[in-house]
Amino acid sequence: MSNTVDHGHGDGSPMLDKKKSLILGGIGLAFMVLIFWKVIPQIGDYGEAWSALQSMGTLAMALIVVMVVVYLLAYGLPFMAVTPGLHYWRSQQVNQAAFTISNGVPAGGAVGLAVQFGMLTSFHIAPTAATAAITAVGVWSTFVSLGFPILGVVALAAAGGSNQYTWVGIVGLLILVTVVVIFVLVMRSESLALSIGRLANKAIGPFRNRIKSLHDVDAVAPITKFRGDMYEVLKRRWAAITAAQVAVSAAQFLILYVALRGVQGWDSPGTSMLAAFAAFAISQVMLMVPITPGGLGTVDALMITILISLGADKGDATAADLVWRASSYVPQILIGIIALLAWTKRAGRAFATSGSAKPA
C-alpha cells in the first residue's frame, strides 16, 4: 500500500499525507519528463513517429476508435463484477473517477481510494462491502499485472524473439506464486491467517526500534480483517473479477496492436499479433515500479524497446506507443471528470435532502 495512506480512521477510508504526496508527485513528474524527453528519444524517434502518424489511413483511425470504445466499456466491468447490486454505469463512474484522480493528481492514488470508497457508500454499498470491493479490484489488478509479463515471455519465445527478457518472466512468476500462495493461505482459514499475521510480526520485530512507523504495527489485525472482508466476496465472485480484469488488459492491448498495424500499413507483413502482445505484456512489469502513475513513461520505454527488437521500425514503434498511451489516457480522464461531476452533483442533492429532513 502507498505510504501516503493513513488507515487510522475506523470508517475504512484512507487519509492523505499531503507532504509525502507532494514529494512523491514531484519525483514522479520529474521521472516522466526525463523519460519522455531524454530516454525515449534515444530508443525511438519522435520525428519518424510523426511522419508515421500522418500516413495513417482512415480505416486504421476508425479501428483505433473502435478499440478505445471497447476498452472504455471493459473498464466499467471490475467493480460491477465484484459488487453485487452495483449497476454498470455506477461501476464505470467509480473506476473512471479513481483513474482520473490517480493519474491526474500528483501521488493521487490515496485520494483515488478515498473517492472510490465515498462513491460506493453513496451508492448504498455497505462500508465493509465497499472496502472489500476496492481491495479485490486492486488485488486482482496486481495479479494480472504480474501474470501478463509471464505470458509475454512465453509469447516472445514463440515469436522467435531474444531471450534477454526471460528474467522478467522468472521474476514475475516468483512474485506471483509467492503472492498467490500467501493469499490462498490467508483465505483458506482464519487460523492460517492468524499464523501468517504472527509470522509477519516476527519478521517486523527486528526493525521496530529502528523504524518509527513500525514500532506499534500489529500485522495480525489487518490480515484477519482483510480475510473477513474478502472471503465471502471472492468465494462467489472470483471468476467474474478475473474475467473483468483480463478483459480490461486485453482491450488495452488491442489498442496498441491496431495502432501499430495502422502506422505500418495493413497491406504489409508488419509486426505479428504474437510479437506485439509480447512487447505489451512484458512491459507491464514496469507497473510494479511505483515511480510514475500507471507506468507512464517506464512502460512506454520498455514497450518501444521490445517492439524495435522484434523488427518494428523506430518511428512505427514510437508512434504506436504514443497513440496507445494517448488513447488509453485522454478519453478516460475526460470520462472520469464527467463521472466526478455527475457524482458530486448527485451527492450534493442527497446531502441537501438529508439536511432539510432534519428537525429544526
- [ ] Could I have the simple spin-label model distance between residue 291 and residue 220, label points 7 Å from Cα toward Cβ, reported in nm to one decimal?
- [x] 4.1
Open item on the list: Can you sort 300, 316 from fewest to most other Cβ atoms within 10 Å of each residue's own Cβ?
Closed with: 300, 316
Open item on the list: I'd like the distance between the alpha-carbon centres of the range 77-92 and the range 297-348, rounded to an integer number of Å.
Closed with: 23
TODO: Normalise the Debye intensity by I(0) for the range 127-184, one equal point scatterer per Cα, no solvent, then take log10 at q = 0.13, 0.18, 0.28 Å⁻¹ and round to two decimals.
DONE: -0.43, -0.66, -1.05
Open item on the list: Please list 3J(HN,Hα) in residue order for the range 295-310, calculated via the Karplus relation 6.51 cos²θ - 1.76 cosθ + 1.60 where θ = phi - 60°; whole Hz, with x for glycine and proline.
Closed with: x, 4, x, 5, 4, 4, 4, 5, 4, 4, 4, 5, 4, 5, 5, 9
- [ ] Within 10 Å of each residue's Cβ, count the other Cβ atoms and sort 141, 328 from fewest upward.
- [x] 141, 328
- [ ] Quick one: order 266, 324, 343 by neighbouring beta-carbon count within 10 Å, fewest to most.
- [x] 266, 343, 324
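Rule-based calculations on the coordinates, nothing more; no lab input. Fair warning: this is a prediction, and the values are worked out from it, not measured in the lab. No Cβ is skipped: glycine too gets one built from the backbone with ideal geometry, and neighbour counts run over all protein chains shown.
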